[in-house]
Amino acid sequence: MPSLGQNDSSQMCPHGCCPTPFFNSPTSQSTTSKPRSSSAECRHSFAATTTSSIFPNTRFTDHESIPSLQDSLSEFCKVFPQYSETEQVDQVRAKEYYHLSASNHTCLDYIGIGLFSYYQLQNQDASKTQVASSAIHQTVSSPTQYSDIPFFSISYKTGNLKTLLLHGGQESEFESAMKKRIMGFHNISENDYFMVFTANRTAAFKLVAESYPFQSSKKLLTVYDYESEAVEAMIRCSEKRGAKALSAEFSWPRLRIQSAKLRNMIVSKRKKKKNRGLFVFPLHSRVTGARYPYLWMSIAQENGWHILIDACALGPKDMDSFGLSLFRPDFLVCSFYKVFGENPSGFGCLFVKKSAISILEASSSAGIVNLIPERRLFQLAEDSSGTDAEFEQKSVSSLQEEELASFSGRIQIFGILEKGEPSELQNPVVSAEPIAPESSAVEETHSPTETFQIRSAQGSENGGPDIECRCLDQVDSLGLTLITNRTRYLINWLVNSLLKLTHPNTEGVSLVKIYGPKVRFDRGPALAFNVFDWKGEKVEPVLVQKLADRSNISLSYGFLHHLWFADKYADEKARVLQTKEGGSMGVKAHKKKDKDNLGVTVVTAALGFLVNFEDIYKLWAFVARFLDADFVEKERWRYTALNQKTIEV
């Protein structure tokens, strides 16, 4: 079965996704038409043309010699003329995310999808302030009507996943409407899947690990070229429950999957292929940008594996090309953050195929949450519960004070922070009741009585206050082709331009090393790289990140692991491998535990759909400054001279 992530080579290149010169060269503009390039030829031409057309036969050895932003943009548009067709994104950015330009902030440190726009956030903040202020002149018996607020907090549930899936739980209309909006956005049918809100991505992975029957289906097989906090938590939990954890390996330095090894782990040599274990598959790497053939899911299903799809690294509308109805994974995990360029904390989503519920085991599960909508200011419930009685005894002024003070905390509860895995340690603020581990049913910690309707781009339906997921609407409007083409042009220009930076010594040492795919038509919008000084020594990623932050560029860093080195890279293997803590262990590790602790720390950059050319140019210009042999020392001195703490590496 062919990969659904790539077009068949016999098909035409869809939607004009290749730069114009591929189809409109001077020799092809005659009246005699020639056969159009196939998709495979288009992909090859894209890589070849990008490499040969962007700064051809040029090496930059001085950061002051790189072209200006305007000159670079002009050349970029010549190589990728269809970039101009994506100006809708620039219009959305200018209107809805104007804070990115106003703050001169380049946000390249997380990947994923937001729910709301900055414009929407600011309007709601202004509305809140106005309503709270006017409430001073009102009495509690005459509450302010305040409804159009999309922001919410989360509150933990107790109990187990299987009970919730089998019997359901009390669910507010707000949660029900939000689920429909998210499932609709991902093209996931409510007839086939249940959806559960989780505290974050890690919580979703742990929920599956705690409920999957590893006693009978003993294997857990993962495909990650980087260390993931969520996956590591799943591995630890599953091993405690009797699982045998396995991992795919990735060939150095392009980090392609070691196909023969992975196939041997997937394919069963026995005739009985039922319930071999759980196969955890990301559609592409959120660190290196490597995309993986969907064929692996088909092979795993044919050999009796249950499938968990990690869709957290998907770009906007990528699910449209996934082919969910064909593969129908047993589990799927995704996540959402709040507003691009703001604090992107938030929540995760776990989808469970209805036919897979029967295999789960009932076990105490943490991490399931309710979404708690912001209550209308000073609105009293009709009944007289203890909480409401206390509410009535408060003065209007004290209520206003508390509401305004709490907004900043509650307003930041939105989607999982996608700034690399360590960020998931930043747990969202929650309103949780004491957990009762012995409880077998899922208990609600809060049951909002308000009626809500999620408003999509097509408008709201029946009744209830409207809650608009403005970012999702914008992505729906822009569409898959436009967004994919835009990020394809930007990421490949960045990769090619970084590789043009070379130290000015006679050896010509490259400033940047890129791990994973380089210039490639179907690479993802993420990049893993390291900066090296003129002696060939690596500049520690954490230092690069801190210096970038001081230039208003937000980057992250990660840890590549499960690396496989061919014999010709034996010497390089001894040089580059290090522990997670940064120490070198060479090639002396033989035990599985020691090998799992070895890898390569890298700087990472992720391109969201709102990233523009100026953003990637700023990153390129920043990295070019390392061509100055004294750049790091100058920055250390400047940092200290400003009476700030010295950067510690």
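Select the helices (runs of 4 or more DSSP H) contained entirely in segment 198-280, then report the ones holding at least 3 residues which are in contact with a Ser or Thr (Cβ under 6 Å, 6 or more places away or on another chain) and crowded, with 21+ Cβ neighbours inside 10 Å.
Correct list: 201-211.
Kindly establish whether K179 is closer than 30 Å to L563 by Cα, among the charged types (D, E, K, R), crowded, with 18+ Cβ neighbours inside 10 Å and in contact with a strand residue (DSSP E or B) (Cβ under 9 Å, 6 or more places away or on another chain).
No: the conditions fail for K179.
Quick test of your reading of the structure: S251 fulfils all but one of (1) under 23 Å from A209 (Cα atoms); (2) over 21 Å from the mean Cα position of the chain (by Cα); (3) hydroxyl-bearing (S, T, Y). Name the failing condition by number.
The number of the failed condition is (1).
Restricting attention to segment 56-73, and to residues there that are modelled with pLDDT under 95 and out of contact with any helix residue (DSSP H, G or I) (no Cβ under 7 Å at 6 or more places or on another chain), which single residue is surrounded by the fewest Cβ atoms within 10 Å (Cβ to Cβ)?
Among those that are modelled with pLDDT under 95 and out of contact with any helix residue (DSSP H, G or I) (no Cβ under 7 Å at 6 or more places or on another chain), it is N57.
Rundown of residues vs (1) within 18 Å of the chain's Cα centre (by Cα); (2) more than 20 Å from P67 (Cα to Cα); (3) charged (D, E, K, R), yes/no style:
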{"residue": "V475", "(1), (2), (3)": "yes, yes, no"}
{"residue": "L480", "(1), (2), (3)": "yes, yes, no"}
{"residue": "T484", "(1), (2), (3)": "yes, yes, no"}
{"residue": "I491", "(1), (2), (3)": "yes, no, no"}
{"residue": "L494", "(1), (2), (3)": "no, no, no"}
{"residue": "L501", "(1), (2), (3)": "no, no, no"}
{"residue": "K518", "(1), (2), (3)": "no, yes, yes"}
{"residue": "L527", "(1), (2), (3)": "yes, yes, no"}
{"residue": "N530", "(1), (2), (3)": "no, yes, no"}
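Can you tell me how many residues in segment 286-301 are surrounded by fewer than 18 Cβ atoms within 10 Å (Cβ to Cβ) and β-branched (V, I, T)?
Final tally of qualifying residues: 1.
Would you pick out the residues in segment 264-306 that are within 16 Å of K353 (Cβ to Cβ) and among the β-branched types (V, I, T)?
V280 - this is the single residue of segment 264-306 that is within 16 Å of K353 (Cβ to Cβ) and among the β-branched types (V, I, T).
Could you give me the residue pairs with C-beta distances under 7 Å whose first residue belongs to segment 74-92 and is free of Cβ contacts under 8 Å to residues at least 60 places away in the same chain and surrounded by fewer than 20 Cβ atoms within 10 Å (Cβ to Cβ), whose second residue is in a helix (DSSP H, G or I) and among the hydroxyl-bearing types (S, T, Y) wherever it lies, and which are 6+ apart or on separate chains?
Hits for this filter: C77/Y83; C77/S84.
Limited to segment 289-308, what total is found for residues that are out of contact with any Phe, Trp or Tyr (no Cβ under 6 Å at 6 or more places or on another chain) and not in a helix (DSSP H, G or I)?
9
Just give me the residues in segment 102-120 being in contact with a Lys or Arg (Cβ under 8 Å, 6 or more places away or on another chain) and either surrounded by fewer than 21 Cβ atoms within 10 Å (Cβ to Cβ) or within 19 Å of K317 (Cα to Cα) (or both), in sequence order. If you could, list the steps in order and put the result at the bottom.
Within segment 102-120, the subset in contact with a Lys or Arg (Cβ under 8 Å, 6 or more places away or on another chain) is 106, 109-111, 114-117, 119-120.
Y110, I111, G114, L115, F116, S117, Y119, Q120, listed by residue number.
For segment 150-176, give me each residue that is surrounded by fewer than 20 Cβ atoms within 10 Å (Cβ to Cβ), at negative phi and in a loop (DSSP other than H, G, I, E, B).
Those that are surrounded by fewer than 20 Cβ atoms within 10 Å (Cβ to Cβ), at negative phi and in a loop (DSSP other than H, G, I, E, B): G169, Q170, E171.
Could you please find all residues in segment 262-283 being within 20 Å of I235 (Cα to Cα) and at pLDDT 90 or above?
Applying the first criterion (within 20 Å of I235 (Cα to Cα)) to segment 262-283 yields 262, 265-266, 275-283.
Within segment 262-283, L262, M265, I266, G277, L278, F279, V280, F281, P282 meet the criteria.
With (1) at pLDDT 75 or above; (2) outside the structural domain of P517 (by TED's automatic domain parsing); (3) surrounded by 15 or more Cβ atoms within 10 Å (Cβ to Cβ) as the list, and A48 as the residue in question, which single condition is left unmet?
Here A48 clears every test but (3).
The values are calculated or read from the model by the stated rules, or taken from the named source; none is laboratory data. Fair warning: this is a prediction, and the values are worked out from it, not measured in the lab. Every residue, glycine among them, receives a Cβ derived from its backbone with ideal geometry; neighbour counts consider all protein chains shown.
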